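**Q** First the structure, then my questions, so here it is.
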Protein chains: 2
Amino acid sequence: MARRTAIIDIGSNSARMIVIERTSRFGFYLLNETKSKVRIGEGAYEHGGLLQEVPMQRALNALHEFLHIAQSFKVRKILCVATSALRDAPNRSHFLSVVRRELGLNIKVIDGKTEALLGGIAAANLLPILHGITIDIGGGSTELALIQNRKVVDTVSLDLGTVRLKELFFDKKENLEKAIKFIHNELQKIPEHFKNETAIGIGGTIRALSRAIMEKNEYPLDKLHAFTYALEDEKRFIDKIITAPVYKLKKLHIKKERYDTIKEGALIFKEVLSHIRAKRVITSGVGVREGVFLKDLLRNQHYRFPTNFEPSVRSLLDRFCINEKQNRCLFRFTKRIYDALHPLYDPDKKYEKILLIASKLTNIGIKIDFYDHHKHSSYIILNDLEYNLTHQEIATISTLVRFHKKKLPSKSHLKALGALLPPTDTINWLSFTLTLAEVLNKDLSCPDFSVEYSEGVILIKSAAKLYLAKEEIKSVEKPAPVAVLFRT
Amino acid sequence: MARRTAIIDIGSNSARMIVIERTSRFGFYLLNETKSKVRIGEGAYEHGGLLQEVPMQRALNALHEFLHIAQSFKVRKILCVATSALRDAPNRSHFLSVVRRELGLNIKVIDGKTEALLGGIAAANLLPILHGITIDIGGGSTELALIQNRKVVDTVSLDLGTVRLKELFFDKKENLEKAIKFIHNELQKIPEHFKNETAIGIGGTIRALSRAIMEKNEYPLDKLHAFTYALEDEKRFIDKIITAPVYKLKKLHIKKERYDTIKEGALIFKEVLSHIRAKRVITSGVGVREGVFLKDLLRNQHYRFPTNFEPSVRSLLDRFCINEKQNRCLFRFTKRIYDALHPLYDPDKKYEKILLIASKLTNIGIKIDFYDHHKHSSYIILNDLEYNLTHQEIATISTLVRFHKKKLPSKSHLKALGALLPPTDTINWLSFTLTLAEVLNKDLSCPDFSVEYSEGVILIKSAAKLYLAKEEIKSVEKPAPVAVLFRT
């Protein structure tokens, strides 16, 4: 099932390619991402959108080498889209035909609404949201998609972009008011029903802002995708970036490679957020490229994953699971024990989903090293469990997996992830539930058993001997003064 | 090539099983390890070695469930050996036939010299040593193997073991002198030519001692295999453990599950070390079980890996490499650049081997996540690059891989691994060499090039455009004021 696809996205600012490997029907992961700052739109806004010779040559060179990369991975399919810079260029067909002739590559120039749809598809499928408005700020345009119930229901594209603003206003040292007026003018194109408390931020500018906010706040997770903040809390910080002189950007946690357009981008973002009356921002690590991939992958699925499909979990299992049967067994055992014990610690079943995901991923670290595999599983989860889950959920899953063997979560660990985790008591019980499931299947024979709880005693009944399980349970730390008794 | 083997080892103290998957001709990794403290020899030393009923039943139960685990992994081969407890038991054939009848499992009782040979084969193939003497302290016996030029040239087995000593002396509160006399008596069996500065420690007791020493010294790597210490430095600490009352063992960094036999084991170890005049101890994470596996795997190879075979590197690549062709290319590029630049920073070619291993492993982290993959590669290396390398080498490889992208190693990183690393200047140059190799193959087309150095200028000549490479090199930190020029 190793089928690889390359997706190229030519923006005004940079061209990027991702290479994705499908690991199962809907499972996939990223093999490569390459970026080149071709700035194909350089100088174009001042020449009526006309692409200039030097930038076109840069783009050609970059695309040529992108194709080498695709070749090296033996991709079966290359999907290449171009957005506003080519959209607006009167001489684009010249460029397209040169690329087709010299590289054999077909570039599809997509209109603004399609671009918005692609970002929307990526966000709706890969972020833990039901509703919201995606805002994708690019070099030449800004796209919005209205998502309701995980479906893109409307889109709009604005002629607002970081490079565009930079060339039209900032480079000329025009005052900010002029730029703001220009922006407000464009914002009138946004339909009235684009009002939503939840804004979903796509693109390099918004990622850079989120990254800066995370650093400023010493946020405990090093994970951008799905990072969420309340606009109220960060408004002043964003204002600071807009008005700061360039030499102060470093102190505001902005990286050098973003200096050139961050102020323009932040300004657009702020104005759009205020226009749609957003109250919170969810950062998206995915955008148009992932949208292109998903639109292709899910073309017979109305651009939606099957219900309850967990893209990251599937992908991790495809890459790292060493014993599928045992994995399914552990899942069932965890569920059975949870069903018996949850009234004790999670009566509203708030954490069932999380616990069950943890049960699936608990052993993936064995692929790195059997010893300490719970540590490795937790590491993989923290670093690559991404899609469709909140940071609270990811931190909790990683904690449960980290400590599923014998010991309850350590104080230092709980402190480090801090506010992202459920109450310690709940964590300890969830962790114990998972551990007990593992213990009962210690001999990997998936023995049948029943579990009951009453008055401080967890009673396990089974026709199997559970010899290793009984030995193992002795060293398991318990979340409360309970006894585990066996009747075998 | 997924062929799985289970190896069971029945010692006096515990029975253990490992399940190993072969990933290529000589590549392999561990899927499972299960241990049960069956203490099959319990009470035997006091009854002329006669196995007692209850311990035999425990062993039967444990083996039964071990076989479930082997089944669950669909192993093709089960190799089961038993050591001193069964060796010494007059009624062993009764036990063997019960196991054969009830479980269909054939246990091979190996003599002491074979046991020593197996430990020796494991150490000689998987530790970074040429010569030395393995000391494998078990519950009932202690085995020594003399290794010269990575070959086991002689072996000896002593009737000294932790459980044996415990039951004969410590449990009876006999004074230490009696035990020491008993030990000295046995040591007379060691042939005269077993004198060596290097002792290789095998088995749970010696691992526990090493673990304690590492904790006491706040050793920077969390890695037991190949951990080395000078006996002179730790003699007093080992003495402390031998004479400490049990309640003080925790403070000496000994884990609870080792309390029962650590003192006996430490005493045997100390006496053997002194007898063979060892000056340094290398800890082995592998022993009889790995020896059984390797003896089988390498049966047509004189129990030796092919020359220059790197078992851990091969295994990691088998599990994590996503593009073999590129990997080989990066290796060649690194070598070519190193050949041109090493007079600047490594005239004696001290670090060539390490750099080239780093070039092979630099991209394995992509399997976890493309973003930050250098961090993930480094994590995998620190946790699972094990065999045939010193800790200095592993720490250096992990550092080179960690920082192979753009930035030179950070100060905090260098400080953490501290004394294990080469001088910072050397590290920076090695890291830069690896980075330059990656940059030159940025488009993965493996372009031909030559490299020359003269007077502060690194000149790259190539018929290829190297467009992405030239863009990338701009953001690479250099280890010294050198310029990288291209002639393409």
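Please treat every number below as a calculation from the coordinates, not as lab data. In this text, all values refer to a predicted model and were calculated from it rather than measured experimentally. Cβ coordinates were reconstructed from backbone atoms using ideal geometry, including for glycine residues, and neighbour counts include every protein chain displayed.
**Q** What is the set of long-range amide H partners of B:F28 at a cut-off below 5 Å, with H atoms built 1.01 Å from backbone N?
**A** Those lying under 5 Å, H to H, from B:F28 are B:T23, B:S315.
**Q** Leaving out same-chain residues fewer than 8 places away, which aspartates and glutamates sit with a Cα under 16 Å from that of B:K465?
**A** By straight Cα distance, B:K465 reaches A:E65, A:E102, B:E438, B:D443, B:D448.
**Q** Give me the distance in nm between label points sitting 7 Å out from Cα along the Cα-to-Cβ direction at B:I180 and A:E174, one decimal.
**A** Taking the two extended label points, one gets 9.2 nm.
**Q** What gaps in nm, shortest first, separate A:K77 from its twins in the other copies when you place the label 7 Å past Cα toward the beta carbon?
**A** 4.3
**Q** If you don't mind, another one. Given label points at 7 Å from Cα along Cα→Cβ, what nm distances, shortest first, separate B:E177 from the same residue in every other copy?
**A** Distances between equivalent label points, in nm: 10.2.
**Q** Tell me which cysteines of chain A come out unpaired when the rule is another cysteine's Cβ under 4.7 Å.
**A** Isolated Cys, chain A: A:C80, A:C321.
**Q** To continue, here is another question. Test of understanding: ordering B:T83, A:T5 by Cβ neighbours within 10 Å, fewest first, what list do you get?
**A** A:T5, B:T83
**Q** Specify, per residue and in Å³, the volume enclosed by the convex hull of the alpha carbon atoms belonging to region A:57-110.
**A** 73 Å³
**Q** Return the subset of B:K37/B:K216; A:K325/A:K415; A:K37/A:K74 for which the Cα-Cα distance in this structure is over 30 Å, preserving the input order.
**A** In this structure, A:K325/A:K415 lie more than 30 Å apart at Cα.
**Q** Just flag the GluC sites (Glu not before Pro) in region A:423-483 sitting in loop per DSSP whose Cβ has no more than 10 other Cβ atoms within 10 Å.
**A** Sites meeting the loop and neighbour criteria: A:E455.
**Q** Angle between the Cα long axis of helix B:352-361 and the longest principal axis of chain B, 0 to 90 degrees, nearest 10?
**A** Approximately 90 degrees, to the nearest ten.
**Q** Provide the FRET efficiency to the nearest 0.05 for the A:N300-B:E352 pair, computing r from the beta carbons and using R0 = 35 Å.
**A** Efficiency at R0 = 35 Å is approximately 0.05.
**Q** Could you go through region B:465-478 in sequence order and give the Karplus-derived ³J(HN,Hα) for each residue, using 6.51 cos²θ - 1.76 cosθ + 1.60 with θ = phi - 60°, rounded to whole Hz, and x for Gly and Pro?
**A** My calculation for region B:465-478 gives 6, 6, 5, 5, 4, 5, 5, 5, 4, 4, 9, 8, 6, 9 Hz in order.
**Q** Mind checking the log10 I(q)/I(0) for chain A at q = 0.05, 0.07 Å⁻¹? Debye, one equal scatterer per Cα, no solvent, two decimals.
**A** Values returned for q = 0.05, 0.07 Å⁻¹ are -0.23, -0.44.
**Q** Can you give me the distance in nm between label points at B:L344 and A:L485, each placed 7 Å from the Cα along the Cα-to-Cβ direction?
**A** Once both label points are built, they end up 7.4 nm from each other.
**Q** Just report the Cα centroid separation between region A:16-34 and region A:84-112, whole Å.
**A** Distance between centres, Cα-based: 24 Å.
**Q** Could you point to the residue in A:Q52, B:Q71, B:L444 farthest towards the positive end of the protein assembly as shown's charge dipole, with +1 and -1 charges on the Cβ of Lys/Arg and Asp/Glu respectively?
**A** Toward the positive end, the furthest listed residue is B:Q71.
**Q** In debye to the nearest 20, how big a dipole does the protein assembly as shown give about its Cα centre with +1 on each Lys and Arg Cβ and -1 on each Asp and Glu Cβ?
**A** So the dipole magnitude of the protein assembly as shown works out to roughly 680 debye.
**Q** Next question, about the same structure. Roughly speaking, what is the centre-to-centre gap between region B:176-200 and region B:355-419 when only Cα atoms are used, to the nearest Å?
**A** Here the two parts' Cα centres lie 41 Å apart.
**Q** Please state the charge dipole magnitude for region A:135-219, taken about the Cα centre, from unit charges on C-beta atoms (+1 on K and R, -1 on D and E), reported in debye and rounded to the nearest 20.
**A** Approximately 80 debye in magnitude.
**Q** Moving on to the next point. What is the spin-label model distance, in nm, from B:S462 to B:L50 if the labels are put 7 Å beyond Cα along the C-beta direction?
**A** Using points 7 Å along Cα→Cβ, the separation is 7.9 nm.
**Q** So, one more: What is the average number of partner chain Cβ atoms found within 10 Å of a Cβ in B:376-386?
**A** Partner Cβ neighbours, averaged per residue: 3.
**Q** Taking the 0 to 90 degree range and rounding to the nearest ten, how far is the long axis of helix A:92-103 tilted relative to the main principal axis of chain A, both from C-alpha atoms?
**A** Roughly 60 degrees between the two axes.
**Q** While we're here: Quick one: what are the phi-derived ³J(HN,Hα) couplings along region B:260-269, Karplus 6.51/-1.76/1.60 with θ = phi - 60°, whole Hz, x for glycine and proline?
**A** Values, residue by residue: 5, 10, 5, 5, 4, x, 5, 5, 4, 4 Hz.
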